[in-house]
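The following block contains the structure, expressed as structure tokens.
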């Protein structure tokens, strides 16, 4: 957390001069579930990037690759996994109730407490 | 050349909304904002009504906005941006600042748009300011803790239209704000949903390039108010579209056009049953409310088809 | 060369607006302000100004658009009265706290209800804690001069606060008087170009205006407003000196009239001060040592200077054109604040309040004279029989 400043040291009128400084605020601590990226399965369709409410899908724009998650900010909502067409395909193919942390999925949602590197 | 509406192309430009904002996990509002702003190549200047999007993105001393942004109050996002736009036009005309094809956009929730901000919105579009007003409609005052608004669907439980022993949730249908805005005769009005991202982006581009005031009503799931899982946002939004509770259409220079027709129009129940706010409607004594809602959805859908020349 | 014209107060204000040539005016018609916006609309229609005139659908939107335009770096003006000001209320506070140097012509009118379109000061007194600088004007000339000065005061980098310039509804807003109108070029040179340090339209440096400000910083932003108000006290006087050098009209924090050797005085703002001057002259002819103090700057309240100017008197009456209902003695706000200012500076003298003219009720010279005669008695006895008198009420 930033140190609290006095009235002489902040811009007037409540103006915030540092655009996008919310990146300094870690919302990743809210997470109960963590998205885990299965690079091998990914087709780099960027659907997860399109739908992430937290701008937390990391992409390599030059090579047009999805590269992972911004875990500093990802709140673990699971939308990326739900919109992933690879996941949809896997779930359909499995023809069974698939656990959300099934290793066959492109984006798996793993309980934070149970996550291991 | 405008950037192609391909995710890989759009992702080449940094997000205009940064991470680190404090909207709830799975919020529909920031999905809408990200998609819409990604579709616009030009510089943007935003105003924002008081509401979830405003409070959660700008908790001092932090801001998630990487573009110029102003919040004034609850009911005046439209009049505030009208002042910004007037200032821009005046100063450009006088040669005080350069002309840069700035797109002025106001964001407000349904409370700030259907209800308290309706007058300011009506006035600002009547005056012909060049701006796009976006209502992210989650169907209640979510920021203050889920109170009913005139956008709340019939039967929905909110904290001011609770499902009680005598009154089973909200007793009125949603106000048809999109049609009200179309009645203003402004160049562009559309209804959209982020689950249909390409449709939303195309409409956004049309709206900011229509040469006058534009209005878009965009369905925004709120998993806290609608009562569904944080990962179901997109799916449940699409169900609203496929049941025709939330049809996707546009009104361009007075011409109504359906932009998406579900292959199979699903019963509204399919959308309702996925949300806790409608749970009480599935009790036998409340069944008639689902029927009433279905009738109204059908009536409005038929009317829309007629307006769009599809009936 | 300046020239003298026969103008109603509202026309004088509209003329100042034309000469100032603001980038944006957002306003809504309301009696008795209406002729200001009508006159200004003619200037816009005839291409005499570069202003974008935003003809909003309400006063709430007027002030909202002003805030948006001011944040965008524009020079912004508006005008209103009474209920219009009340509808702006929420944004009146936001304009001040967002540090928007908006200038408002405020034509004082009774704030309902029942509805009444005539003059009193209940509208402006409600905004006294909102963070606006407030200037009073006795007549059209002063409204004109104050409006010109207001631009420089508001936009001063040490201030950056909105300014309301008051005049009395109908009495001076519609009363035709001789007003000295300065050369357009001189007024433009006096107000200068507005060069804001920050702008929402600075696309290279995107800024966030109006964030959610909690207990950790809100108080600091309020402290900054206090600082700005303190600077305003000095800046108002500097601008007045510059104005005097340029246009040869002397303005201060207030105007003393035959006060120096007076034993009793009346403190009264806006148009009634003009009537009171006539009464003072008449009583002086009788050899009575009476004087007048006409406040010009109500916010920031010049407590120290007021106390100093009144310290030598034997008795003071304040005339208030509004009531602070439920306040001490149901007195008027000007009296209460002045009484506190004197008491806290150890200036002890008998004081009384005379509420008058509510809802446009006429105030006659003989009534003002009765106030002086009351105070002359009080000065002799040292006793105030009644702290608050509601003049000419039936």
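For region B:7-307, treating each Cα as an identical point scatterer without solvent, what Debye log10 I(q)/I(0) comes out at q = 0.09, 0.10, 0.11, 0.14 1/Å?
-0.42, -0.52, -0.63, -1.02
Order by neighbour count: C:166, A:77, B:24, fewest other Cβ atoms within 10 Å first, most last.
B:24, C:166, A:77
Same structure, new question: Find how many whole Å separate the alpha carbon centroid of region C:324-390 from the alpha carbon centroid of region A:91-117.
Here the two parts' Cα centres lie 80 Å apart.
So how much slack lies between residue C:176 and residue C:366, counting 0.36 nm per residue of separation and subtracting their Cα-Cα distance, in nm?
Stretched fully, the residue C:176-residue C:366 segment lengthens by 66.1 nm.
Moving on. How far apart, in nm, are two points set 7 Å out from the Cα along the Cα-to-Cβ line at residue C:343 and at residue B:119?
It is 4.0 nm.
May I ask for the angle, rounded to the nearest 10°, between helix C:271-285 and the longest principal axis of chain C, with both axes built from Cα atoms and the value confined to 0 to 90°?
In chain C, helix C:271-285 runs at an angle near 30 degrees to the longest axis.
Computed FRET efficiency, Cβ-Cβ of residue C:281 and residue C:197, R0 56 Å: what is it to the nearest 0.05?
0.70
Just the Cα atoms of region C:3-247, one point each, no solvent: what log10 I(q)/I(0) does Debye give at q = 0.08, 0.17, 0.18 Å⁻¹?
-0.27, -1.31, -1.47
Then there is this: What whole-number distance in Å separates the alpha-carbon centres of region B:1-74 and region A:1-68?
Here the two parts' Cα centres lie 12 Å apart.
Working from Cα positions, state the angle (0 to 90°, nearest 10) between the long axis of helix A:85-94 and the longest principal axis of chain A.
Approximately 30 degrees, to the nearest 10.
In peptide C:195-207, how many Cβ atoms from other protein chains are near each Cβ within 10 Å, on average?
6
Treating the angle as unsigned and between 0 and 90°, give the value, to the nearest 10°, between the Cα long axis of helix C:59-71 and the longest Cα principal axis of chain C.
Long axis of C:59-71 versus the principal axis of chain C: about 60 degrees.
Counting only other chains, what is the mean number of Cβ atoms within 10 angstrom of the Cβ of each residue in peptide A:59-66?
Other-chain Cβ atoms within 10 Å of each residue's Cβ, averaged: 3.
So, in Å, what gap is there between the alpha-carbon centers of region B:233-279 and region B:151-179?
Each part's Cα centre sits 18 Å from the other's.
Simple spin-label model, 7 Å along Cα-to-Cβ: residue C:377 to residue A:93 in nm?
10.4 nm
Need one number: the % of Cα-Cα pairs in region A:28-114 sitting beyond the 19 Å mark.
Distances greater than 19 Å cover 33 percent of the Cα pairs.
Where does each of B:226, A:49 land when they are ranked from fewest to most other beta-carbon atoms within 10 angstrom?
A:49, B:226
Quick check on the protein assembly as shown: helices-only [θ] at 222 nm, where DSSP H runs of length 4 and up contribute -39,500 (n - 2.57) each and the sum goes over total residues. Nearest 500, please.
Helix-only estimate at 222 nm: -10500 deg cm²/dmol.
What residue among B:240, B:106, B:179 has the largest mean-square fluctuation in a Gaussian network model of chain B, using Cα springs under 10 Å?
B:179
If N is the number of residues in the protein assembly as shown, what value comes out of its Cα radius of gyration divided by 2.2 N^0.38 Å?
For the protein assembly as shown, the normalised Cα radius of gyration comes out at 1.10.
Just the number, please: Stokes-Einstein D of region B:65-141 in µm²/s, Kirkwood Rh from C-alpha pairs, 20 °C, 1.002 mPa s.
Values: Rh = 13.1 Å.
Diffusion coefficient, whole number: 164 µm²/s.
Average partner chain C-beta neighbours within 10 Å, per residue of B:93-100?
4
Under a 10 Å cutoff between Cα atoms, tell me which one of B:67, B:297, B:189 has the largest fluctuation in the Gaussian network model of chain B.
Judging by the Gaussian network model, the answer is B:67.
Okay, next question. Order of B:228, B:129 from fewest to most other C-beta atoms within 10 Å?
Ranked by crowding around the Cβ, least crowded first: B:228, B:129.
No value in this document is a laboratory result; all are computed from the given coordinates. Computed from a prediction, not measured in an experiment: that's the story for all the values here. Every residue, glycine as well, gets a Cβ built from its backbone with ideal geometry; the counts of neighbours run over all protein chains shown.
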